[in-house]
Amino acid sequence: TSLLRGGRSNAVVFTSGGSIVTLTEKATPDRVDLLVQKNLYSAAISVAFSDPQFYRAEDITALYRRHAEHLYRKGDFAAAMDQYILTIGSLESSHVIFRYLDAPKISLAVKYLEALRSAGLASG
C-alpha cells in the first residue's frame, strides 16, 4: 500500500515475520544533504535538478562548486575543473584561475579561460 502525505510518499510493508513497517520518503533537501554528506555529488545534483520547487539555478551551481572543491581536495584536478566550468558566471573566476596556476595544472587553467571566453565572460 502506498500513501501520499505532504508531497512525500509512504509505503506500508508487511514483513514475513508479521511485522508492519512504514517507510517514509525524505523531503528533497534532506535527500540532497544526505547525498552531499556521503560525497555523492552527482546524485545530489540530479536530485536537486529534479525538484525546482526547492532548488533554484544558484543552489545547483553551489552544489557544482562543492563538488569541484571536493574533487580538487582529492587531487582529481581535471574532474574538478569540469565542475568549476559549470559555475562560470556565479563563482569569482580568479578563485579558479589561481588554484590552477602551478605548472602541472596550467593546461587546466587554459581550459577554464577558454570556457570563460566561450561564455562571453572573458575580457581582452
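The values are calculated or read from the model by the stated rules, or taken from the named source; none is laboratory data. Small disclaimer: the values here were computed from a predicted structure and weren't measured. Methodologically, a virtual Cβ is constructed for each residue, glycine included, from the backbone with ideal geometry; neighbour enumeration extends over all protein chains shown. Ligands, DNA and RNA are stripped out before the accessible areas are found, and what is left, the full protein with its side chains, is counted by its heavy atoms. Shrake-Rupley method; radii C 1.70, N 1.55, O 1.52, S 1.80 Å.
Per residue, how much accessible surface does the chain expose to a 1.4 Å probe? Answer in Å², no decimals.
Value returned for the chain: 64 Å² of accessible area per residue.
Which distance in Å, rounded to a whole number, links the C-alpha centroids of the stretch 84-112 and the stretch 27-67?
A separation of 22 Å, based on Cα centres.
For the residue pair GLN53 and ILE20, what label-to-label distance in nm results when each label sits 7 Å from Cα along the Cα-to-beta-carbon direction?
The answer from the label model is 2.7 nm.
To the nearest 10 degrees, how steeply does helix 57-74 sit against the main Cα axis of the chain, on a 0 to 90 scale?
Between helix and principal axis, roughly 70 degrees.
Helix 106-118: angle to the longest alpha-carbon principal axis of the chain, degrees 0 to 90, nearest 10?
80 degrees
What percent does the relative contact order of the chain come to when contacts are Cα pairs within less than 8 Å and at least six residues apart?
Relative contact order comes out at 12 percent.
In the stretch 17-80, carbon and sulfur make up what percent of the accessible area (probe 1.4 Å)?
The C+S portion of the solvent-accessible surface of the stretch 17-80 is 53 percent.
With mean projected area of the Cα convex hull in nm² defined as stated, name the option among [x] 8.6; [y] 10.4; [z] 7.7 computed from the structure displayed.
[y]
Express as a percent, rounded to the nearest 5, the fraction of DSSP beta bridges in the chain (both residues included) that run antiparallel.
Counting DSSP beta bridges with both partners in the chain, the antiparallel share is about 90 percent.
How many nm separate the modelled label positions at ILE106 and LEU40, each set 7 Å beyond the Cα in the direction of the Cβ?
Computed distance between label sites ILE106 and LEU40 equals 4.1 nm.
With θ set to phi - 60°, apply the Karplus curve 6.51 cos²θ - 1.76 cosθ + 1.60 along the stretch 79-93 and write out the HN-Hα couplings as whole Hz, x wherever there is a Gly or Pro.
Once θ is set to phi - 60°, the couplings for the stretch 79-93 become 5, 4, 4, 4, 6, 4, 4, 6, 9, 4, x, 10, 9, 4, 4 Hz.
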